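Q: Take a look at this one; I'll ask things after.
The values are calculated or read from the model by the stated rules, or taken from the named source; none is laboratory data. Small disclaimer: the values here were computed from a predicted structure and weren't measured. For neighbour counting, all protein chains shown are included, and Cβ atoms are generated from backbone atoms with ideal geometry for every residue, glycine included.
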Amino acid sequence: MADNYEELKRKVLTPGEMVQYQEGSVVSRMLAFTNAGTVTLFAFSEGEGLSEHTAPFDAILYVMDGDARIVIDGTVHLMTAGELIIMPANIPHAVYARTDFKMMLIMIHAP
């Protein structure tokens, strides 16, 4: 389970303030980890990314700040704050920061 998950319940949270940029790094903070899915915040320093990989579940990527290049099955999506995209299970995808960039990743654990 995510660190201090119980402490986060019933509180108003500001996700963009819960992860901070660190030069040359990708920083993450898991907010929730349940049988139904996970919610994780990420802060990417400009130029950083997650190389192509697959995940066994659908995932919703919501851009909270900055600009990103999201590649899903070879198709490039240039995204900016306020936009989201659904990445299908078992399809290769990658995430790259075009600027300093924060995102929320919601992984849906479907049967």
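Q: Out of all the residues in segment 27-45, is one or more touching an Asp or Glu at 6+ places or on another chain (Cβ under 6 Å), of a type outside the set (Ser, Thr, Tyr) and modelled with pLDDT under 95?
A: no
Q: Tell me, please, whether a residue that is surrounded by 15 or more Cβ atoms within 10 Å (Cβ to Cβ), touching a Gly at 6+ places or on another chain (Cβ under 9 Å), of a type in the set (Val, Ile, Thr) and at pLDDT 95 or above can be found in segment 75-86.
A: no
Q: Only residues that are outside any loop (DSSP other than H, G, I, E, B) and loosely packed, with under 11 Cβ neighbours inside 10 Å: list them for segment 15-31, please.
A: Glu17
Q: Can you work out which of the residues in segment 32-53 that are in contact (Cβ under 8 Å) with a residue 60 or more places away in the chain and either of a type in the set (A, V, I, L, M, F, W, C) or surrounded by 15 or more Cβ atoms within 10 Å (Cβ to Cβ) (or both) is farthest from Ile108 (Cα to Cα)?
A: Phe42
Q: Give segment 59-108 a look and list any residue that's within 14 Å of the chain's Cα centre (by Cα), outside any strand (DSSP E or B) and small (Gly, Ala, Ser), or say none.
A: The answer is Gly66, Ala81, Gly82.
Q: So which residues in segment 4-52 are small (Gly, Ala, Ser), out of contact with any Leu (no Cβ under 7 Å at 6 or more places or on another chain) and closer than 23 Å to Met87 by Cβ, if there are any at all?
A: Of everything in segment 4-52, those that are small (Gly, Ala, Ser), out of contact with any Leu (no Cβ under 7 Å at 6 or more places or on another chain) and closer than 23 Å to Met87 by Cβ turn out to be Gly16, Ser25, Ala32, Ala36, Gly37, Ala43, Ser45, Gly47, Gly49, Ser51.
Q: Going by the conditions given, is Val12 in contact (Cβ under 8 Å) with a residue 60 or more places away in the chain, part of a loop (DSSP other than H, G, I, E, B) and either out of contact with any Lys or Arg (no Cβ under 6 Å at 6 or more places or on another chain) or surrounded by 15 or more Cβ atoms within 10 Å (Cβ to Cβ) (or both)?
A: no
Q: Still on this model: Can you tell me which condition Ala68 does not meet? The list is (1) more than 18 Å from Glu23 (Cα to Cα); (2) modelled with pLDDT of 95 or more, and all the others hold.
A: Failed condition: (1).
Q: Select from segment 32-49 the residues that are closer than 27 Å to Leu8 by Cα and assigned to a strand (DSSP E or B) and list them in ascending order.
A: Correct list: Ala32, Phe33, Thr34, Gly37, Thr38, Val39, Thr40, Leu41, Phe42, Ala43, Phe44.
Q: Additional query: Since Pro56 meets every condition but one in (1) assigned to a loop (DSSP other than H, G, I, E, B); (2) modelled with pLDDT of 90 or more; (3) surrounded by 14 or more Cβ atoms within 10 Å (Cβ to Cβ), which condition does it not meet?
A: (3)
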